[in-house]
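The values are calculated or read from the model by the stated rules, or taken from the named source; none is laboratory data. These numbers were taken from a predicted model, which means no experiment stands behind them. All Cβ positions, glycine included, derive from the backbone under ideal geometry; neighbour counts span all protein chains shown.
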Amino acid sequence: MPGFSGNVLVETPVGLMSFDELRAQSNQVEVKNETGDHRAELIVERYTGMMIDMGARHLVMPDQLMRVSPFPFDTWRPAREHFAGYQRVDFDGDVFDLHVLSFQPRDHHFLLGNGEVAHNKNDARNCEFRASKSVQKVSNLGSIMRFIRSMLKH
């Protein structure tokens, strides 16, 4: 289960806001990422366990995917690897995550106030699966077009 503590700051169209501030708005919020402004679903869950201090007591869960290389490569690693040398702390409270509402895998991220880029609630494996399915569909379409062309020649 990925997520962040409520004091972590997120880029929005009106500036930086903490997850706690976003919760006061509603479960549908506006966030800013590298592809523009997007609607996102705010997800809140109860969690007891270890978290990683990214600095200033802004905490991230170990499984949260964080970007380690920029577009076009978009390499993602769990926070436990990305923040390998950072302090681990015990936590008991609400954790927050965002699900950017977009069908475009390139949109599935959000910007944190500390300059880090976090992956969307739906994990990267789902994006890779959808991307491979799209490639497969295009490949199948190419086969269909070749078949139609061959039938028209006869």
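Below, the figures for the structure above:
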| item | result |
| --- | --- |
| Matching residues in the stretch 57-71 - criterion: being under 20 Å from residue 106 (Cα atoms) and assigned to a strand (DSSP E or B) | 65, 66, 67, 68, 69 |
| Filter result for residue 68 (surrounded by 12 or more Cβ atoms within 10 Å (Cβ to Cβ), assigned by TED's automatic domain parsing to the domain that holds residue 13, under 17 Å from residue 18 (Cα atoms) and β-branched (Val, Ile, Thr)) | no |
| All positions within the stretch 33-44 that are buried (at least 18 other Cβ atoms within 10 Å of the Cβ) and either of a type outside the set (A, V, I, L, M, F, W, C) or in a loop (DSSP other than H, G, I, E, B) (or both) | 33, 38 |
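Conditions tested, residue by residue: (1) within 14 Å of residue 120 (Cα to Cα); (2) part of a strand (DSSP E or B); (3) touching a Gly at 6+ places or on another chain (Cβ under 8 Å).
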{"position": "7", "(1), (2), (3)": "no, no, no"}
{"position": "17", "(1), (2), (3)": "no, yes, no"}
{"position": "21", "(1), (2), (3)": "no, no, no"}
{"position": "24", "(1), (2), (3)": "no, no, no"}
{"position": "46", "(1), (2), (3)": "no, yes, yes"}
{"position": "50", "(1), (2), (3)": "no, yes, no"}
{"position": "55", "(1), (2), (3)": "no, no, no"}
